[in-house]
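Here's the structure, in structure tokens; my notes come after.
The values are calculated or read from the model by the stated rules, or taken from the named source; none is laboratory data. Only a predicted model underlies this, so the values are computations on that prediction, with no experimental measurement involved. Note that we place each Cβ from the backbone using ideal geometry, even for glycine, and neighbour counts take in every protein chain shown. Note: accessible area is taken over every heavy atom of the protein model, side chains too, but ligands, DNA and RNA are not part of it. Shrake-Rupley method; radii C 1.70, N 1.55, O 1.52, S 1.80 Å.
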Amino acid sequence: MTTKTAAITAVGGYVPEHVLTNADLEQMVDTSDEWITTRTGIKERRILKPTSLGTSFMAIAAAREIVQKKNIDPTTIDLVIVSTATPDMPVSSTASFVATEIGATNAFGYDIQGACSGFLYGMSAAAAHISSGRYQKVLLIGADTMSSIIDYTDRSTCVIFGDGAGAVLFEPNDEGLGLQDEVLRVDGKGREFLKIEAGGSMLPASSETIDARKHFLHQEGRPVFKFAVSNMAAAINQVLDQNNLTKDDIDYVVAHQANKRILDAIAKNLDLSYEQMLVNIERYGNTTAATLPLLLWDYESKLKKNQKLLFTAFGGGFTWGATYLTWAYNT
Ligand code: COA
């Protein structure tokens, strides 16, 4: 059996219709368009309404775009992975429901909880399944309904996050294109800085946890910002070194969209040009596991076969990494 590389062969996406602007947030909390724009780069974000549609609603829409675009028989899909921090339910997996709804009746499926690095971790899993030679079609979806875990009275988090989903299809590639290498990490000490305290086994839901607003996302922005910049830059440097590449060899950096200032700091740290960085944070905010595939969705027409892409992300846990992938098709 020859080991094949696993390439992305299609991209899909979905963002809800409802737009939450900085002007809307000015009416909800003590903030301003000026503060949000200068501190984060975000102008608006999409919100799933009603929230009860669940993350699967967006994941299914993103997956269906791929099935239709590529004219795939869904029964030939082997595996559906959903990277998400906001599954429809704690049990069972969102991936199971998505697979069934799109007609992937011969697939297995599971969720990955890697917070904002979930899609990066999912790329690793998807590519490993393909390279094993056992599977031919792996659908990877990054989807999050952040509005379901955000406290819209907390100005330090509610201005940042949005909802959305992006999907990619991984298939074997005969030309050696696709995922080439990766550096993936965790640091569990980071959970103090970015967490939802209640609702898990340590602190199950109770009337006290609800009253104390412990089911909402809590973030200490400054330390997270610092760790995000230094760890993503270090992971990128390591993956470049491992592959004898310099930053000039890279066509595009597909970086997690958490804060425009983080993207600027990474670009400065690595001496990357503005043209190398894909950016759409101004329209969607931080959609957690969906930011990387939504970048591919927005910029797909720019990407050309053989181009070198560097993905990077950082998120709760902490989780982070960098992945080197060569693009496999022209649109
Ligand atoms: N509007 C107006 N003022 C705000 C505000 C808002 N929405 N949010 C916070 N502030 C205030 C704070 O209360 C603080 O006021 P003070 O100086 O009077 O105490 C001041 O702005 C500075 O707060 P700080 O938290 O230090 O701001 P910051 O410049 O670090 O920006 C983040 C906050 C969250 C935007 C930024 O830290 C960040 O992006 N962190 C990383 C997030 C991230 O990468 N997450 C990755 C995993 S998803």
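A 1.4 Å probe run over the protein chains yields, for the chain, 43 Å² of accessible area per residue, whole-number rounding. Using only side-chain charges placed at the Cβ, +1 for Lys and Arg and -1 for Asp and Glu, the dipole size of the stretch 180-326 relative to its Cα centre rounds to 200 debye. Rounded if a/c is under 1.5, else prolate if a/b is larger than b/c, else oblate: which is the stretch 5-177, with a ≥ b ≥ c the root eigenvalues of its Cα gyration tensor? The shape class here is prolate.
Considering only protein heavy atoms and a probe of 1.4 Å, how much of the accessible area of the chain is carbon and sulfur, as a whole percent?
Of the solvent-accessible surface of the chain, carbon and sulfur hold 50 percent.
Taken over the stretch 180-326, lysine pairs spaced eight or more positions apart, or on distinct chains, with alpha carbons under 13 Å apart number 4. About its Cα centre, the chain has a charge dipole of approximately 300 debye under the convention of +1 per Lys or Arg Cβ and -1 per Asp or Glu Cβ, with nothing else charged. Dividing the summed helix terms, -39500 (n - 2.57) for each DSSP H run of n ≥ 4, by the number of residues in the chain produces a 222 nm estimate of -9500 deg cm²/dmol to the nearest 500. Toward the positive end of the charge dipole of the chain, with +1 on the Cβ of Lys and Arg and -1 on the Cβ of Asp and Glu, the farthest Cα among SER201, ALA328, THR100 is that of ALA328.
Compute, for the stretch 1-62, the length of the dipole vector about the Cα centre, with Cβ point charges of +1 (Lys, Arg) and -1 (Asp, Glu) only. Units Debye, rounded to 20.
480 debye
Taking a ≥ b ≥ c as the square roots of the eigenvalues of the Cα gyration tensor, the stretch 180-326 is prolate, since a/c reaches 1.5 or more and a/b is larger than b/c. Among the DSSP helices (H) of the chain, those spanning at least 27 angstrom by Cα along their long axis with an average Kyte-Doolittle hydropathy of -0.5 or more are 221-242; this is a geometric and hydropathy rule only. With the charge dipole of the chain set up from +1 on Lys and Arg Cβ and -1 on Asp and Glu Cβ about the Cα centre, the Cα lying farthest toward the positive end among the listed residues PRO223, VAL91, SER132 is that of SER132.
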